[in-house]
There are 2 protein chains.
Amino acid sequence: MEIQLQIKMNEKLFLRDPEQSELGKKIILHSIQLIHLNGFEAFTFKKLAEAIGTTEAGIYRYFENKHRLLIYLTAWYWSWLEYQVSFQTNNINDPVVKLKRVINLLATTVEDDIRTSYVDESLLHQIIITEGTKAYLNKRVSEDNKDHLFKPYKDLCAVIGNMILECNPRYKYPKSLASTIIEVAHFQNFFMNHLPSLTDFGKNKDEAEIVRFLEDLVFSSLQSTSFDKE
Amino acid sequence: MEIQLQIKMNEKLFLRDPEQSELGKKIILHSIQLIHLNGFEAFTFKKLAEAIGTTEAGIYRYFENKHRLLIYLTAWYWSWLEYQVSFQTNNINDPVVKLKRVINLLATTVEDDIRTSYVDESLLHQIIITEGTKAYLNKRVSEDNKDHLFKPYKDLCAVIGNMILECNPRYKYPKSLASTIIEVAHFQNFFMNHLPSLTDFGKNKDEAEIVRFLEDLVFSSLQSTSFDKE
DNA sequence: TTTGTAAAGATAGTATTACTATCTTAAACG
DNA sequence: CGTTTAAGATAGTAATACTATCTTTACAAA
């Protein structure tokens, strides 16, 4: 069977829905490649237009600016990942097993999902690690948040937070632990590859070690008796 | 007694040492104010020059570009914080107490250090939370790392990593836990203030809760028996 | 006193970036 | 067949991120 996966995105993320046209899909495809290649700072709509074979004005009809495009890509990624999470944890009852699957999804290399023809999830995952936080680490964050642009990220956090509570209903910081898992998975990956002395994984550069670190961190906290006492 | 605190910075961070002249000190003072006010993206050397009452060319004699200036500010901050850590943990023997002091320093509002006349540490702390990661989350990171521009950050991590080992010599991930403490302290602070649903502190917006979360996270891991067994 | 040197001020100029506007062509739709 | 709509083509602008050059000021050595 051949299945196409389409993710419904918040309409405020774009001026014209890139998933509804060939040009739009090219914008997504090539922006992922270009940002991955040169980084978000060096990425411009002009270079993107050249890569696609269209003009700057053409891109601006889809996205207000490159910042919005970045938010779009991150939102897309988090939506896709939440779907992966729900798929991979479906029919599993043990919340510990579920949480381990999530940690694995977050901390290990993503494979390209062939059901999404114009998104290379593997590259996108790399982009999220290096550029993802720039989507909200800025002065516009509250404005963008009002437009619900970060909803996919929040939704995923909420899902993970609920798994955490399933593991230990008395744990006091489920949401913070959820966002911590996500961010730490990415930071440790970045550090491992670029500033290895900030990690304990520099020698082998093995993502499996990040998984073990995170599992230790998370399940120590959840199994800890310190909050069952009172 | 009146004490002046000067931090010796890596010479590759600047073209001309800003601590050695009036203009240089003004650059530091006003860049902190401007970045804090408008964010790093909106910050330009032209605006900075106008704020100071000098010209763009004048700033370029001190810093190659605004990215280098950001690295300078972050490096300065981490150096200053390492000094604070060594000061505040001096004469304390219990590594748990020391680590708690560190968590407190990282996760709570910093007060302006009057011994550094042209640096407002309180504003700088805010800048580090929002803009700090941009110093290394880019394509130049390896190059900049070769010039040892991130040494202060690494040094602080190493100090914290050693405290972790003092708490539990058999803990397997001291460096990763150290960098995790630093990054999580900042992220949770940012989320608490701007995307509160990603944390459990949205209601009170109280930094003390971040401290408790981090202490729980860290000491659960360090007290965990899971790695003492083998 | 002169001369050299170095910081800083003043001014100009350039390539690129981040857009906006307008006009034309092409396709798609009823 | 005429109308809407996307997309191509072209132009233009303000701001950004620099680089270059020339002058003034200051202080220090010869």
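The values are calculated or read from the model by the stated rules, or taken from the named source; none is laboratory data. Everything numeric in this text was worked out from a predicted model, so none of it was measured. Counting neighbours? That spans all protein chains shown, and the Cβs are built from the backbone with ideal geometry, glycine included.
A compact table of results
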{"item": "Residue match in region A:36-47 (condition: within 14 Å of chain B (Cβ to nearest Cβ) and away from DNA strand C (no atom under 12 Å from the Cβ))", "result": "yes"}
{"item": "Residue in region B:55-70 that is nearest to DNA strand D (Cβ to nearest atom), counting only those that are touching a residue at least 40 places away in the same chain (Cβ under 8 Å) and among the charged types (D, E, K, R)", "result": "B:Glu64"}
{"item": "All positions within region A:10-38 that are of a type in the set (A, V, I, L, M) and either more than 9 Å from DNA strand D (Cβ to nearest atom) or not in a helix (DSSP H, G or I) (or both)", "result": "A:Leu13, A:Leu15, A:Ile27, A:Ile28, A:Leu29, A:Ile32, A:Leu34, A:Ile35, A:Leu37"}
{"item": "Residues located in region B:191-200, provided they are at the interface with chain A (Cβ under 7 Å from one of its Cβ atoms) and among the hydrophobic types (A, V, I, L, M, F, W, C)", "result": "B:Phe191, B:Leu195, B:Leu198"}
{"item": "Single condition B:Ala57 does not satisfy, out of (1) of a type in the set (A, V, I, L, M, F, W, C); (2) within 12 Å of DNA strand C (Cβ to nearest atom); (3) under 22 Å from the mean Cα position of the chain (by Cα)", "result": "(3)"}
{"item": "Candidates B:Glu230, B:Glu209, B:Glu183, filtered to the one that is more than 7 Å from chain A (Cβ to nearest Cβ) and modelled with pLDDT of 95 or more", "result": "B:Glu209"}
{"item": "Restricting region B:43-54 to residues that are more than 21 Å from the chain's Cα centre (by Cα) and within 12 Å of DNA strand D (Cβ to nearest atom), the residue that is nearest to A:Lys139 (Cα to Cα)", "result": "B:Thr44"}
{"item": "Top-ranked residue in region B:24-35 [being away from every other protein chain (no Cβ under 14 Å) and of a type in the set (Val, Ile, Thr); ranked as nearest to A:Ala135 (Cα to Cα)]", "result": "B:Ile32"}
{"item": "Sole exception among (1) surrounded by fewer than 17 Cβ atoms within 10 Å (Cβ to Cβ); (2) closer than 27 Å to A:Glu209 by Cα for A:Lys146, by number", "result": "(2)"}
{"item": "All positions within region A:192-214 that are more than 21 Å from B:Tyr136 (Cβ to Cβ) and surrounded by fewer than 18 Cβ atoms within 10 Å (Cβ to Cβ)", "result": "A:Asn204, A:Asp206, A:Ala208, A:Arg212"}
{"item": "Unique match (being under 27 Å from B:Lys205 (Cβ atoms), touching a helix residue (DSSP H, G or I) at 6+ places or on another chain (Cβ under 8 Å) and within 16 Å of DNA strand D (Cβ to nearest atom)) among B:Leu124, B:Leu73", "result": "B:Leu73"}
{"item": "Only one of A:Asn193, A:Asn145, A:Asn162 that is within 26 Å of B:Cys157 (Cβ to Cβ) and modelled with pLDDT of 95 or more", "result": "A:Asn193"}
